[in-house]
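Below is one structure, written out as structure tokens, with a few remarks after it.
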Amino acid sequence: MNTSQLRQAILDYSEEIGIDKLGFASADVFESLKQRLKRQQELGYQSGFEKGSIEERTEPDRLLPEAKSIISIALAYPSRTKDRPANKKEERRGVFCRASWGRDYHEVLKAKLTDLDAFIRERFPDAETNVMVDTGELSDRAVAERAGIGFSGKNTSIITPEFGSYVYLGEIITNIPFVPDTPLEDGCGSCTKCLDACPTGALVQGGQLDAQKCLAFQTQTKDFMPEEYRSKIGHFIYGFDTCQAVCPYNKHMDVHKHPEFEPDLDVAKPKLKPMLRISNREFKETFGHVAGSWRGKKPLQRNALIALGNDRDTASVDEIISVMSNDPRPVIRGTAAWSLGKIGTEEAYAAIKDAMKQEQDDQVVEEMEKGLTFQEVTLTD
């Protein structure tokens, strides 16, 4: 089988195994990306979650010495739940971003890429490959853009004509010299909806992201969230995808092709109060299969406290007081105090003052003081 025949066979097989879109790219150095990443580094715009050096992220032959081509794949995921859970006053819910609604996409894409890899090796015994999904060094989006999967939007997402930006991406680097596909033309034009909707100005300009200001990044940190971001996350406890939701290409886009990505409402939009007391075992059993669990329960619990504060949920005051008084983790105690102050009942303020008398951690005390400033504002008003 020659490379042209194999190329078509790969396309046919990808449809059989449920890959929604597949494209071929050269394995040349991603020179423009390399320059952008260097500039990002100079400006301090990186998140710190990036894997590998800039060279490893832009030079495919560092990951596979004989690299000639890269096969890029995309799988579409839903943007709406089939049912809408009630957000009752005493059962307030948080929300995971859409990319973490179903089964962890790393596992799903890895399985399909592994099947595709085996298919290639069976028909091309001399094939050398390297399979990657998101956590690899290579930039999935840069590969997808070069392979014609979609164009890179101003919101830094790959936007496909068929599925908008609601797609997961993965790739296989190989030594097989496939004919590459043609990249798509930029489709954003003069539109700035995503830039205008970004609450923190993280989208510095079209296609450039200050990851430190991105709320999706902030929901994944483990320390105290800077106060300027807390009110802006609303009810998000993992990720933040407003920059995708406002994109015109995503209007009315809602694809339900993969059962693995269908959301369980109590996981995708969980009740917040139970999140505060969930055990490690319960957390793993309930959330362990979704991508948003990768940082553990602590960031999600911190974010749940912030969400309850943002909602001024008076029904959760007793639960939050218990957390502030008894949780061994300073970040959780301090955030609970801030949340109580934001909710703003007399009981909440009295509890903060009592807890402050016993608190030994300086950062927690600082958060308690922040919580009490809400009372001062109320009295002034």
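The values are calculated or read from the model by the stated rules, or taken from the named source; none is laboratory data. None of these values were measured; they are calculated from a predicted model. With ideal geometry, Cβ positions are generated from the backbone for all residues, glycine too; neighbour counts draw on all protein chains shown.
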Checklist entry - Can you pull out the residues in segment 192-208 that are part of a loop (DSSP other than H, G, I, E, B), among the polar types (S, T, N, Q) and in contact with a helix residue (DSSP H, G or I) (Cβ under 8 Å, 6 or more places away or on another chain)? => result THR200
Checklist entry - Among the listed residues GLY148, GLY102, GLY94, GLY136, which satisfies the condition of being touching a residue at least 60 places away in the same chain (Cβ under 8 Å), on the phi > 0 side of the Ramachandran plot and among the small types (Gly, Ala, Ser)? => result GLY148
Checklist entry - Within segment 283-292, can one find any residue that is of a type in the set (D, E, K, R) and modelled with pLDDT under 95? => result no
Next on the checklist: On the basis of being free of Cβ contacts under 8 Å to residues at least 40 places away in the same chain and in a helix (DSSP H, G or I), does GLU228 make the cut?
Outcome noted: yes
Next on the checklist: Going residue by residue through segment 162-175, is there one that turns out to be of a type in the set (Gly, Ala, Ser), under 16 Å from SER69 (Cβ atoms), crowded, with 18+ Cβ neighbours inside 10 Å and out of contact with any Cys (no Cβ under 9 Å at 6 or more places or on another chain)?
Outcome noted: yes
Item to check | Within segment 318-360, considering residues that are under 31 Å from the mean Cα position of the chain (by Cα) and among the acidic types (Asp, Glu), the one nearest to PRO274 (Cα to Cα) | outcome: GLU319
Checklist entry - Cβ-Cβ below 8 Å, separation at least six or inter-chain, first residue in segment 271-296 and within 24 Å of LYS89 (Cβ to Cβ) and touching a residue at least 60 places away in the same chain (Cβ under 8 Å), second of a type in the set (Lys, Arg) and outside any helix (DSSP H, G or I): which pairs? => result LYS271/ARG92; LYS271/ARG93; LEU272/ARG92; LEU272/ARG93; LYS273/ARG92
Checklist entry - Does ALA118 satisfy being assigned to a helix (DSSP H, G or I) and not β-branched (Val, Ile, Thr)? => result yes
